[in-house]
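S.K.: So that we are looking at the same thing, I have put the structure below in structure tokens.
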Amino acid sequence: MSVSEVSSLLNRDNTFSATLDHDGKVPVEHLDYGYIEKCKNVKHLEKILRVLRSGEEGVYPHLNQFCEDRVKSLDPTSRALRKEQPVATAASLPTEEWSQIREDLQRWQEESKDLEALMLQPSIFHGIGNENVPPVRGTNISVPLGQNPASKAKNKPPKRALPLDYKDWDKYDVDKECEMIDGSESKKDPAPVINSGHVKIRTRVDVTTLTEKEKLLMASREKDKGNEAFRAKGYEEAVAYYTRSLSIVPTVAVFNNRAQAEIKLQRWHRALQDCQRVLELEPINLKALLRRATVFQHQGSLPLAAEDLRAVLRVEPHNTAAAKHLTEVDKKIREGQPELPIKGRKILIQDIEEDEEEAEEHARPVDPRQPVGGVDSVVSPVERGDMGNAQKKPYGGGRGDGASPHSDASNGSHGHHRRGRGGSWDKHKAAAHESPGPGKAANGTGKRGSTASEPGAAKGGRPAGVDLDAPCGALPPPLARLKNEGNLLFKNGQFSDALGKYSQAIAGFTESGIDSPEDLCILYSNRAACYLKDGNSQECIQDCSKALELQPFSLKPLLRRATAYDSMERYRPAYADYKTVLQVDNSVQAAHSSVNRITRLLIEQDGPEWREKLPDIPLVPMAAQQHRREEIPTPEVLQARAEKAAQDTARRSELRFTALKQEGNEFVKKGQFQDALGKYTECLKLKPEECTVYTNRALCYLKVEKFAEAKQDCDAALGLEPTNKKAFYRRALANKGLKDYLASSSDLQEVLQQDPGVQEAEKELEEVTALLRQSLASGASPRKKVPITEVDGDQDRSVADSAPRPQEGGAINMQPADAYEFGHSLNAARSRGDAAACADLLSSVDPERLPRLLSNQLDGHVMAFVLEALDEHLLARDPGRVYRLLQSLHTAERFTVVLMLLETAERRRVTQLFEHLSSVQSDDFTKDDVQNMANIYII
Amino acid sequence: MSTPFEKPQIISHIQKSLNYTIFDCKWIPCSAKLVCLGNLARGTGVLQIYEVQGGELKLNREIEKAKPFKCGTFGATSLQQRHLATGDFDGNLHIWDLEAATEPLYSVKAHKEIVNSLDGVGGLGVGDGAPEIVTGSRDGTVKVWDPRQKDTPVANMEPGAGEAKRDCWTVAFGHAFNQQDRCVCAGYDNGDIKLFDLRNMAVRWETNIKNGVCCVEFDRKDINMNKLVATSLEGTFHVFDMRTQHPTKGFASVSEKGHKSTIWQVRHLPQNRDVFMTAGGAGNLHLWKYDYPAQRSGEDSEGGAVGVAGTVNLLQNVTLSTQPIASLDWSPDKQGLCVCSAFDQSVRVLIVTKLNRV
């Protein structure tokens, strides 16, 4: 007990001396308004209340009430306030409320009547589906009531308040009991048992034998359990139960709840997935939007968060939570880097994991009625899947083994849910479709379904490989049969047999004289696939060419021909074909990688002029191009669609981006910097304008001691966000690693200028300054030792950064529009040691603008370089400009710092410059002016 | 109180006087019907089915059997079948098809004396695993039955030879969150509470609350056991947090003296496991809410995990009758609807409002 508590107790005793009189009763003088008002002792007040209520000292209804109020004000939950109340009746409620309750009850009665009627119809599974019920337990196992002999002895006798009769006393052997108690206490001390709540909960529920009604009931029960666990902060458990509920019947609410639980667990990725699913099912679900905004915010995608919040506010303008959240996010956005337009991002095909999971979730045909992503619901699910995929999986044929006999079934159910994503390509599907057989068939039906007027192909719902008589496009039944047989054989890996079937079909086709180039094209293309499999590249090429004559720019024949050429080591035509494929569909990953590979080979083979030896690559007409959403040039026409698509792609790449970034961060945490580097680099491919990724990657480079690269990244980061502390700090470290102590120290000073509290920076600065002095003392110019790696660095970066580079192709941009371009031009010139170029650059800029153009990029090297350029090149041409440049240079940011840290050689250069300048006669300045300025520069 | 309309209200919707002593009443799942079990004056058992219909209880069916019924449950049957399991004064366990109740579907002489309490699990979509019924009797044994096995129990928990036989007043299933795990909790007249682990067939935990245990119930049967409420003869009840079991201290608990008389029953709201109602010997009902502590487990002096109990808050209390309320059942389908029976030979349908806001 602390001193104050004791004193307060003492005081209370003084004020209310003798709270109870000798009989343990409340003194009569305490039954007083004044006393009750002052008394703070709830226990005592309760006693007073008891006395007042009992009426022993007289009945004082008002004092009674006053005392009750006083107790309530001190302790609203006091037990003394609990009064027995009569049960409420309908009359004690407001009429409206009661009628509402009654109606509700009436409705329930009716509903439950219907429900019961439904229940009484026995399920068709009734009585047969009991395999999943565990067997009867072992017969009649006897369990002794005690925990074990020791605890039995220990626990039993003392538990009784009193022995019930004398016989019990007789049985009681004190010594023995004591012994047992001692023994038991020393003997056992097992570890505590913790039921952490989510252990061993099955996340799937077998509901095959249940009726729809029962499923709904069970799903809602599991949801309740999840809600309860959520309220008890058992988020893991809640997720488990929500998952169970979803495995019975997926509902929007449960997805939403699970998202919330995942947010609590900080599993942003999964939370995002759940939100996405809610929004797929119900595009304007405010809760899901809000939650997704939270996720985005935590993942650092502030613009997307803001977008979601705005969507909420559009629907519900007075949603205070959203408004508050939005201002927060907006503030953060403003604090952070200016948002760059989201456009032209490379769409990589890397959503596999997500989609797979989603397919798992959805593929169970629990609720096929749910509209998914606005797909035409007339088409049966299987067909939908096929149609969506048919044109996207062709390259699968190039490497497929076509072995999966299940591919039809799985593809059907998986596919149909993926359609919600705007038909975007996904790799997993290709894996499921490695055999071109069903793919072909699907291609055929796809075309029919979408172009021809004949009613939706009857093939839907029946796997092509099984039903050999399924109609295929315009093929007459015997040919269709041949083709389907061929597909089946192909799928089973009997390529030569399939070849025969296709050949027959083609022969039959030409004989029958049907005019259906599509179908013939497909047949040729399929036969080409067989040839390819058999290694007969020559025939394959022929068939592909025939197919392409029939249907120019068909993806699959093109790809197959490319593969065939490739395998024959005829790289030039292969290259041309792959390029054409990419024109048709830019998202074919296999083509991309092949193009890259072949490019390398061709360069090796033909040298730098390899392009000249290529055959003509045909220009693909717009109509034949697929999946080029990001390049649709007519936003006016298709604005709504394009916007949606762009959003979708943006979001996908955003997702991918955040996932990659997170993985990268994880690796960093684990210390696997190389792996992290890979992830960040991928990130930057997606989003070259993300400052944090540059700084993160810089950190990784620092850790693996690639200082030049680290410096590059920091420069890039600073280009995006000129005041990024981290970037400065890391560049300082990189510079230190490169033994460029001067630059390092100026960077560190920049950091300290921004935030004087960064202790690491201070420490580093001390260290660097010491090193700097050391290196100066040793007389060697540290600059000489620095391997200048700017050039390669720039190349690296230009791969990562898709923004137009001013110095691309070696030309230096002499008309820099802003500080960024100026910096690049200057760097380019400097990295080549081209002082003349620098002089040109300087002569092209307005001297007044120089400080602004240099912004904070000025360091010792830049300064020395600029002075060199001025001295050796510009001075001879235009001394007036040199003077003006110098005049404005000294107003540049960080000038004094840089000046102080100049090396001896560089100082000499400055002196030299001013000597030269003063020796020049000019109308623009006098000797005195030069002298004044020299005083500024030479310390 | 300050905000009377924000608190849940307990409204007496229907009251029906009966001509027999009613011991138990249960809602029939997926319906607006309920069964009442009791003892006719002439010493026979009676089972009545009522339907809630526009503010009335309409008698649907009445079945008379030789022995008075003490207790019943639907816990071990499927939603389609909805067979009622009953325990009677003679120690029999029966399972009835309420549509054709002339002969029981399952009948066993379970105990030598009255079956005080029974509970079922594995049916109604509640809990994974086999359907099982547990019975507790005055003869001191607790037995677990599988309706698929005739005549013999699948587990029998009885005092060893030479041990005094205590009257088992109450039994409850819990921890049935997968096919293997399952626990039975039993309360005895001497204040013993025992937790049997049916997976390991051993007593997992026991304690004594000093007064006869009138009723025990897990907050949910089909989750990893979370909370257990035990009510006692002299009016206190204990809420045990069943998540953390300390080797010597067992489970953390909080106790509350809500009633001035015996608490006959405790029933958790099926839609929210943290809300429960206790029914007292003075004809009163108390509605409680359990609030979890910030951290559900802490460390003891030796660094072992020890549970931390939360707090119990009274949401509402009303007096219905002058006689004890012996049974209480929440409707599994309609939140807030409950039925209770008192020894004044009446059954009441109550509505509790605003439960979704607590």
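The values are calculated or read from the model by the stated rules, or taken from the named source; none is laboratory data. Note that the structure is predicted; figures quoted are calculated from it, not measured. Cβ: placed from backbone, ideal geometry, glycine included. Neighbour counts: every protein chain shown. Only protein heavy atoms, including side chains, enter the accessible area calculation; ligands, DNA and RNA are left aside. Shrake-Rupley method; radii C 1.70, N 1.55, O 1.52, S 1.80 Å.
S.K.: Just a yes or no: is a residue in region B:342-354 part of a strand (DSSP E or B), more than 22 Å from the chain's Cα centre (by Cα) and of a type in the set (Val, Ile, Thr)? Step through it out loud before you land on a result.
M.R.: Initial filter on region B:342-354 (part of a strand (DSSP E or B)): B:342, B:346-352.
Add one more test, that the residue is more than 22 Å from the chain's Cα centre (by Cα), and what stays is none.
No, there is no match, as no residue in region B:342-354 is part of a strand (DSSP E or B), more than 22 Å from the chain's Cα centre (by Cα) and of a type in the set (Val, Ile, Thr).
S.K.: Of the numbered conditions (1) under 24 Å from A:Asp747 (Cα atoms); (2) of a type in the set (S, T, N, Q); (3) open to solvent by 50 Å² or more (accessible area, probe 1.4 Å), A:Thr926 fails exactly one; give the number of that condition.
M.R.: Unmet for A:Thr926, out of (1) under 24 Å from A:Asp747 (Cα atoms); (2) of a type in the set (S, T, N, Q); (3) open to solvent by 50 Å² or more (accessible area, probe 1.4 Å): (1).
Conditions tested, residue by residue: (1) under 30 Å from B:Lys150 (Cβ atoms); (2) within 48 Å of the chain's Cα centre (by Cα); (3) modelled with pLDDT of 75 or more.
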{"site": "A:Leu49", "(1), (2), (3)": "no, no, yes"}
{"site": "A:Thr77", "(1), (2), (3)": "no, yes, no"}
{"site": "A:Ala91", "(1), (2), (3)": "no, no, yes"}
{"site": "A:Trp108", "(1), (2), (3)": "no, yes, yes"}
{"site": "A:Lys113", "(1), (2), (3)": "no, yes, yes"}
{"site": "A:Ile124", "(1), (2), (3)": "yes, yes, no"}
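S.K.: Let me ask something additional. From A:Thr649, A:Thr695, which residue is within 25 Å of A:Ala306 (Cβ to Cβ) and at pLDDT 80 or above? First the steps, then the outcome.
M.R.: Numbers: A:Thr649 fails: at pLDDT 80 or above.
Exactly one of A:Thr649, A:Thr695 is within 25 Å of A:Ala306 (Cβ to Cβ) and at pLDDT 80 or above, namely A:Thr695.
S.K.: Can you tell me how many residues within region A:41-65 are in contact (Cβ under 8 Å) with a residue 24 or more places away in the chain and either farther than 18 Å from A:Arg79 by Cβ or of a type in the set (Ser, Thr, Tyr) (or both)?
M.R.: Final tally of qualifying residues: 3.
S.K.: Tally time: how many residues in region B:282-302 are of a type outside the set (D, E, K, R), surrounded by fewer than 21 Cβ atoms within 10 Å (Cβ to Cβ) and either closer than 26 Å to A:Ser78 by Cα or more than 10 Å from chain A (Cβ to nearest Cβ) (or both)? Spell out how you get there, then give the answer.
M.R.: Restricting attention to region B:282-302, the residues satisfying the condition of being of a type outside the set (D, E, K, R) are B:282-288, B:290, B:292-295, B:297-298, B:301.
Adding the requirement that they be surrounded by fewer than 21 Cβ atoms within 10 Å (Cβ to Cβ) leaves B:282, B:292-295, B:297-298, B:301.
Filter again for either closer than 26 Å to A:Ser78 by Cα or more than 10 Å from chain A (Cβ to nearest Cβ) (or both), leaving B:282, B:292-295, B:298, B:301.
Within region B:282-302, residues that are of a type outside the set (D, E, K, R), surrounded by fewer than 21 Cβ atoms within 10 Å (Cβ to Cβ) and either closer than 26 Å to A:Ser78 by Cα or more than 10 Å from chain A (Cβ to nearest Cβ) (or both) number 7.
S.K.: Now, a different point. Just for region B:210-261: of the residues that are surrounded by fewer than 22 Cβ atoms within 10 Å (Cβ to Cβ) and acidic (Asp, Glu), which one is farthest from B:Thr135 (Cα to Cα)?
M.R.: The extreme case among them is B:Glu256.
S.K.: Shifting gears a bit: Among the numbered conditions (1) open to solvent by 10 Å² or more (accessible area, probe 1.4 Å); (2) part of a loop (DSSP other than H, G, I, E, B), tell me where B:Gly123 comes up short.
M.R.: Answer for B:Gly123: the failing condition is (1).
S.K.: Find all pairs meeting these conditions: Cβ atoms under 6 angstrom apart; at least six residues apart or on different chains; first residue within region B:55-83 and within 14 Å of another protein chain (Cβ to nearest Cβ) and closer than 15 Å to B:Lys33 by Cβ; second residue open to solvent by less than 40 Å² (accessible area, probe 1.4 Å) and of a type in the set (S, T, N, Q).
M.R.: B:His83/B:Thr77
S.K.: May I pose another question? Does region B:219-229 contain any residue that is more than 11 Å from chain A (Cβ to nearest Cβ), part of a strand (DSSP E or B) and not polar (S, T, N, Q)?
M.R.: Yes, region B:219-229 has at least one match.
S.K.: Restricting attention to strands (runs of 3 or more DSSP E) lying wholly within region B:159-209, give those where 3 or more residues are buried (at least 20 other Cβ atoms within 10 Å of the Cβ) and more than 8 Å from chain A (Cβ to nearest Cβ).
M.R.: Values: elements: B:168-174, B:183-188, B:192-197, B:202-208.
Of the strands (runs of 3 or more DSSP E) lying wholly inside region B:159-209, those with at least 3 residues that are buried (at least 20 other Cβ atoms within 10 Å of the Cβ) and more than 8 Å from chain A (Cβ to nearest Cβ) span B:168-174, B:183-188.
Residue-wise test of (1) among the β-branched types (Val, Ile, Thr); (2) out of contact with any Gly (no Cβ under 8 Å at 6 or more places or on another chain); (3) at pLDDT below 50.
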{"site": "A:Gln795", "(1), (2), (3)": "no, yes, yes"}
{"site": "A:Val799", "(1), (2), (3)": "yes, yes, yes"}
{"site": "A:Ser825", "(1), (2), (3)": "no, yes, no"}
{"site": "A:Ala828", "(1), (2), (3)": "no, yes, no"}
{"site": "A:Asp834", "(1), (2), (3)": "no, yes, no"}
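S.K.: Search region B:312-339 for residues being facing chain A (nearest Cβ under 9 Å) and β-branched (Val, Ile, Thr), and hand back the single one that is least open to solvent (accessible area, probe 1.4 Å).
M.R.: Among those that are facing chain A (nearest Cβ under 9 Å) and β-branched (Val, Ile, Thr), it is B:Val318.
S.K.: Do we find that A:Ala238 is of a type in the set (A, V, I, L, M, F, W, C), crowded, with 21+ Cβ neighbours inside 10 Å and within 14 Å of chain B (Cβ to nearest Cβ) in this structure?
M.R.: Numbers: of a type in the set (A, V, I, L, M, F, W, C): yes; crowded, with 21+ Cβ neighbours inside 10 Å: yes; within 14 Å of chain B (Cβ to nearest Cβ): yes.
Against the criterion (of a type in the set (A, V, I, L, M, F, W, C), crowded, with 21+ Cβ neighbours inside 10 Å and within 14 Å of chain B (Cβ to nearest Cβ)), A:Ala238 qualifies.
S.K.: Please go through region B:30-54 and give me each residue that is more than 9 Å from every other protein chain (Cβ to nearest Cβ) and within 22 Å of the chain's Cα centre (by Cα), ordered by number.
M.R.: Looking only at region B:30-54, we keep the residues that are more than 9 Å from every other protein chain (Cβ to nearest Cβ), and these are B:34-50.
Passing the criteria: B:Leu34, B:Val35, B:Cys36, B:Leu37, B:Gly38, B:Asn39, B:Gly45, B:Val46, B:Leu47, B:Gln48, B:Ile49, B:Tyr50.
S.K.: Separate question: When both residues are 6+ apart or on different chains and their Cβ atoms are under 8 Å apart, which pairs have a first residue that lies in region A:849-873 and is at positive phi, and a second that is part of a helix (DSSP H, G or I) and open to solvent by 10 Å² or more (accessible area, probe 1.4 Å)?
M.R.: Within 8 Å, the pairs are A:Ser855/A:Ala819; A:Ser855/A:Gly823.
S.K.: Go over the candidates A:Ile506, A:Ile522 one by one and state the one that is part of a helix (DSSP H, G or I), β-branched (Val, Ile, Thr) and closer than 17 Å to A:Arg560 by Cα.
M.R.: Values: A:Ile506 fails: closer than 17 Å to A:Arg560 by Cα.
The conditions single out A:Ile522.
S.K.: With the structure loaded, tell me whether B:Leu57 is more than 22 Å from the chain's Cα centre (by Cα) and surrounded by 21 or more Cβ atoms within 10 Å (Cβ to Cβ) or whether it fails that test. Write out each step before concluding.
M.R.: Details: more than 22 Å from the chain's Cα centre (by Cα): yes; surrounded by 21 or more Cβ atoms within 10 Å (Cβ to Cβ): yes.
Spelling it out, B:Leu57 is indeed more than 22 Å from the chain's Cα centre (by Cα) and surrounded by 21 or more Cβ atoms within 10 Å (Cβ to Cβ).
S.K.: Kindly indicate whether B:Lys210 is closer than 21 Å to B:Ile325 by Cα and touching a helix residue (DSSP H, G or I) at 6+ places or on another chain (Cβ under 9 Å).
M.R.: Details: closer than 21 Å to B:Ile325 by Cα: no; touching a helix residue (DSSP H, G or I) at 6+ places or on another chain (Cβ under 9 Å): yes.
Answer is no for this residue.
S.K.: Would you please name the residue that is most open to solvent (accessible area, probe 1.4 Å), looking only at residues in region A:103-119 that are within 8 Å of chain B (Cβ to nearest Cβ) and in contact with a helix residue (DSSP H, G or I) (Cβ under 8 Å, 6 or more places away or on another chain)? Full working, then the answer.
M.R.: Within region A:103-119, the first condition is being within 8 Å of chain B (Cβ to nearest Cβ), and the residues that meet it are A:105-106, A:108-109, A:112-113, A:115-116, A:119.
With the extra rule that they be in contact with a helix residue (DSSP H, G or I) (Cβ under 8 Å, 6 or more places away or on another chain), the set shrinks to A:115, A:119.
Details: A:Leu115: 27, A:Met119: 6 Å².
The qualifying residue most open to solvent (accessible area, probe 1.4 Å) is A:Leu115.
S.K.: Could we say that B:Asp274 is charged (D, E, K, R), away from chain A (no Cβ under 11 Å), crowded, with 18+ Cβ neighbours inside 10 Å and assigned to a strand (DSSP E or B) here? Even if it seems obvious, please write down each step before you answer.
M.R.: Numbers: charged (D, E, K, R): yes; away from chain A (no Cβ under 11 Å): no; crowded, with 18+ Cβ neighbours inside 10 Å: yes; assigned to a strand (DSSP E or B): yes.
Answer is no for this residue.
S.K.: Of the residues that sit in region B:230-252 and are in a loop (DSSP other than H, G, I, E, B) and under 19 Å from B:Ala305 (Cα atoms), which one is farthest from the other protein chains (Cβ to nearest Cβ)? Reasoning before the result, please.
M.R.: The first filter runs over region B:230-252 and keeps only residues in a loop (DSSP other than H, G, I, E, B), leaving B:233-235, B:247-249.
Going one step further and asking which of them are under 19 Å from B:Ala305 (Cα atoms), we end up with B:247-249.
Values: B:Pro247: 5, B:Thr248: 7, B:Lys249: 9 Å.
Checked region B:230-252; the qualifying residue farthest from the other protein chains (Cβ to nearest Cβ) is B:Lys249.
S.K.: Only one of these conditions is not met by B:Gly45: (1) in contact (Cβ under 8 Å) with a residue 24 or more places away in the chain; (2) open to solvent by 10 Å² or more (accessible area, probe 1.4 Å). Which number is it?
M.R.: (2)
S.K.: In addition: Give just the number: which of (1) modelled with pLDDT of 80 or more; (2) open to solvent by 30 Å² or more (accessible area, probe 1.4 Å) does A:Leu867 not satisfy?
M.R.: Looking at each condition in turn, A:Leu867 falls short on (2).
S.K.: Residues that are at pLDDT below 85: which helices (runs of 4 or more DSSP H) entirely in region A:264-332 hold 3 or more of them?
M.R.: Numbers: elements: A:268-281, A:286-299, A:302-315.
The qualifying helices (runs of 4 or more DSSP H) are A:286-299, A:302-315.
S.K.: I've got another one for you. What tally of residues in region B:126-158 results from selecting those that are assigned to a strand (DSSP E or B), open to solvent by less than 10 Å² (accessible area, probe 1.4 Å) and either more than 9 Å from chain A (Cβ to nearest Cβ) or not charged (D, E, K, R) (or both)?
M.R.: To start, the set of residues in region B:126-158 that are assigned to a strand (DSSP E or B) comprises B:132-137, B:142-145, B:155-158.
In the following step, the residues that additionally are open to solvent by less than 10 Å² (accessible area, probe 1.4 Å) were identified as B:132-137, B:142, B:144-145, B:155, B:157.
In the following step, the residues that additionally are either more than 9 Å from chain A (Cβ to nearest Cβ) or not charged (D, E, K, R) (or both) were identified as B:133-137, B:142, B:144-145, B:155, B:157.
Qualifying residue count for the region: 10.
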